[in-house]
1. List the strands (runs of 3 or more DSSP E) that sit entirely inside the stretch 39-142 and contain at least 3 residues that are surrounded by fewer than 20 Cβ atoms within 10 Å (Cβ to Cβ).
2. Give me the pairs, please: first residue somewhere in the stretch 81-94 and touching a residue at least 60 places away in the same chain (Cβ under 8 Å) and on the phi < 0 side of the Ramachandran plot, second residue anywhere and among the acidic types (Asp, Glu) and open to solvent by 10 Å² or more (accessible area, probe 1.4 Å), beta-carbon distance under 7 Å, and either six or more positions apart or on two chains.
3. For the stretch 146-171, give me each residue that is outside any strand (DSSP E or B), in contact (Cβ under 8 Å) with a residue 60 or more places away in the chain and open to solvent by 20 Å² or more (accessible area, probe 1.4 Å).
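The values are calculated or read from the model by the stated rules, or taken from the named source; none is laboratory data. This one's a predicted model, so the numbers in the text were calculated from it and none came from an experiment. Quick reminder, even Gly has a Cβ in these numbers, built from the backbone with ideal geometry, and neighbours come from all protein chains shown. The accessibility values were calculated without ligands, DNA or RNA, using every heavy atom of the protein model including side chains. Shrake-Rupley method; radii C 1.70, N 1.55, O 1.52, S 1.80 Å.
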Amino acid sequence: MRIPLLLTCLLLAATVQAAPGQSGDDMDKFLADKGLLNRIGQVGQSVSHKASELVVNAMGFLGVPYRRGGNTAESGVDCSGFVKAIYEQTVGLVLPRRAEQQAAATQNIDKTELQPGDLVFFNTMKRAFSHVGIYVGEGKFIHAPKPGAEVRVESLSVAYWARRFDGARRVQRTAQANATGE
């Protein structure tokens with residue numbers, strides 16, 4: 001439930017910053033007096049910018065057909081090709097090609113710590129980390145599920161995915177910085 005609180009703070013910050021001339025507003029004054037206006041803006045930029053960019057770019061793939069070995073919207077994608085393409089296009093990070101390699105290259109996190117942009121893994125082929133998707137928030141993830149299907153958003157609580165859930169992983173900022181030369 002931290003995501004709705006963060007989004008509320010970000011929306012509040014955007015609203016307050018969009019209308020700085022309303023000096024009579026008690027909330028504006030309180031936030032400004034406490035120095036929170038600037039802090040909320042910084043948190044919004046650093047925490048949610050890349051995550052929201054990842055999610056927005058991932059949503060742009062909705063409806064793209066599944067294609068084994070594919071990694072572009074034009075030719076189709078498989079699960080790991082989709083994740084690889086989104087991270088490369090959004091943050092300039094080149095992740096490994098296969099789901100199990102992506103799992104090995106990322107940090108294990110508890111399911112309760114999931115944030116938009118994190119990776120979720122599933123055992124769909126009787127082997128660990130055989131399927132991957134991108135967490136979008138609110139218990140949902142986006143992925144390229146299988147041949148004959150298209151990129152779509154699904155709930156982690158659906159029985160099929162819940163039974164096969166293999167773990168949550170986070171792409172580290174240091175890995176991103178190293179990959180992009182920052």
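1. On the way: elements: 107-109, 119-122, 131-137.
It comes to 107-109.
2. Partner pairs satisfying both residue conditions: 94/88.
3. Residues of the stretch 146-171 outside any strand (DSSP E or B): 146-149, 151, 156-164, 171.
Still in the running and in contact (Cβ under 8 Å) with a residue 60 or more places away in the chain: 146-149, 151, 171.
Correct list: 146, 147, 148.
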